[in-house]
Amino acid sequence: MSAELPDYYFRVRENGAVVFKVDTENRHRRIEMDQIAVINIRNGEVKPHGQRTLTEADKAEIDRWIEDRKALLAQRDIDDIHRAVDYLNLTTQWAQSKASADQLEDVTDRLLMAMHDLRSVLVRKKADRLRAD
């Protein structure tokens, strides 16, 4: 752990974070975390905790965290899609070389429907992009 702690700590939640102000300058020399806000990243809402009024420094740090978090989540989304392409290839190899008849029976209809749905969306989106050019 580094000797210098950040001024803020963001406890990530499913749809945002709880924001804490970190305090080490107290008489007990303990790390204290004072909740100052809750962030909803989906709608951009920042609710100060209790009767607290956020300072400009608080707001700037929260805005920076929201921007960084959105970028991270977007990167994770595209990484997941790249992994899905790999999984499709691995699934094809499995179906061709390892799958038993019972295993194929168990997954074929669901896979075909999911692939049909995906293909329909991808073709429609590609056509929209081509028309826009």
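The values are calculated or read from the model by the stated rules, or taken from the named source; none is laboratory data. The structure displayed is predicted, hence computed values, not measured ones. Note that each Cβ is placed from the backbone with ideal geometry, even for glycine, and that neighbours are counted across all protein chains shown.
Worth pointing out:
- Among the residues of segment 35-51, those that are of a type in the set (D, E, K, R) and modelled with pLDDT of 95 or more comprise Glu45, Lys47.
- Only one entry of Arg11, Arg42, Arg69, Arg64 meets the criterion of being under 30 Å from His116 (Cα atoms), within 27 Å of the chain's Cα centre (by Cα) and basic (Lys, Arg), and that entry is Arg42.
- Scanning segment 33-59 for residues that are loosely packed, with under 10 Cβ neighbours inside 10 Å and either farther than 24 Å from Ala71 by Cα or touching a residue at least 12 places away in the same chain (Cβ under 8 Å) (or both) returns Arg42, Gly50, Gln51, Thr53.
- Checking Asp23, Asp77 one by one, the residue that is surrounded by fewer than 13 Cβ atoms within 10 Å (Cβ to Cβ), among the charged types (D, E, K, R) and free of Cβ contacts under 8 Å to residues at least 60 places away in the same chain is Asp77 and no other.
- Assessment of segment 18-27 against the conditions (modelled with pLDDT of 95 or more, out of contact with any helix residue (DSSP H, G or I) (no Cβ under 8 Å at 6 or more places or on another chain) and not basic (Lys, Arg)) yields at least one matching residue.
- Single condition Arg131 does not satisfy, out of (1) surrounded by 10 or more Cβ atoms within 10 Å (Cβ to Cβ); (2) out of contact with any strand residue (DSSP E or B) (no Cβ under 7 Å at 6 or more places or on another chain): (1)
- Flag if Arg30 is outside any helix (DSSP H, G or I), free of Cβ contacts under 8 Å to residues at least 24 places away in the same chain, of a type in the set (Lys, Arg) and at negative phi: yes
- Flag: Lys59 does not match the condition of being part of a helix (DSSP H, G or I), out of contact with any strand residue (DSSP E or B) (no Cβ under 9 Å at 6 or more places or on another chain) and basic (Lys, Arg).
- Residues satisfying the stated conditions in segment 94-113, i.e. part of a helix (DSSP H, G or I) and either surrounded by 11 or more Cβ atoms within 10 Å (Cβ to Cβ) or in contact with a His (Cβ under 7 Å, 6 or more places away or on another chain) (or both): Trp94, Ala95, Gln103, Leu104, Asp106, Val107, Thr108, Leu111
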